[in-house]
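Written out below as structure tokens is the structure these notes cover.
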């Protein structure tokens with residue numbers, strides 16, 4: 001009977017020891033997990049702030065560029081009469097018709113406006129420049145007759 005009691009006591013203490021070890025290890029890992037989670041939240045907040053700051057900076061640069069494009073005809077370095085310039089915006093910024101103010105345009109200038117020395121043409125802008133340089137520019141007239149016999153049936 002005494003051996004059975006010793007075995008039962010050994011089993012009981014072993015089970016208690018295993019539970020204590022299990023909960024101790026679990027508590028340590030939970031604590032480490034919570035610390036890791038807190039660190040990740042702090043890193044995420046720093047990254048969010050950095051991304052937000054970068055987005056605001058980039059947005060300001062884009063808005064400044066748009067403002068500069070529209071104000072370019074009124075700047076001292078613009079060598080044409082501002083009344084002869086027509087802002088388009090995309091895919092090119094402006095068309096200038098030198099001589100238009102006197103009623104005798106002499107040429108058509110396709111102008112791209114960049115702000116700053118590091119600004120570069122986009123691939124589409126480079127393609128348009130190449131088309132102009134290669135003479136791939138033409139005039140086309142779209143004319144529509146407004147006679148009653150040419151109107152669609154719903155209208156006429």
- Item | Folded to 0 to 90 degrees: helix 123-133 orientation relative to the chain principal axis, Cα | 20 degrees
- Computed E for residue 79/residue 130 - FRET, C-beta separation, R0 22 angstrom, nearest 0.05: 0.40
- Under a plain spin-label model, where a point goes 7 Å from the Cα along Cα-to-Cβ, how far apart in nm are residue 118 and residue 47? 2.4 nm
- Under the definition of Cα pairs under 8 Å and six or more residues apart, what whole-number percent is the relative contact order of the chain? 10 percent
- Message: Under 10 Å, Cα contacts only: if you run a Gaussian network model on the chain, which one of 46, 141, 121 comes out with the highest mean-square fluctuation?
- Response: 141
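Let a ≥ b ≥ c be the square roots of the eigenvalues of the Cα gyration tensor of the stretch 42-152; is it rounded (a/c under 1.5), or, if not, prolate (a/b larger than b/c) or oblate?
Note, shape of the stretch 42-152 comes out prolate.
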- Estimated 222 nm signal from helices in the chain, with DSSP H stretches of n ≥ 4 weighted -39500 (n - 2.57), rounded to 500: -19000 deg cm²/dmol
- Item | Most mobile listed residue (85, 49, 72) in the chain, GNM with C-alpha springs under 10 Å | 49
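Where a number appears in this text, it was derived from the coordinates with a stated rule and is not lab data. A quick note: this is a predicted structure, and the numbers were derived from the prediction, not measured. When we count neighbours, we look across all protein chains shown, and the Cβ atoms used for this are built from the backbone with ideal geometry, even at glycine.
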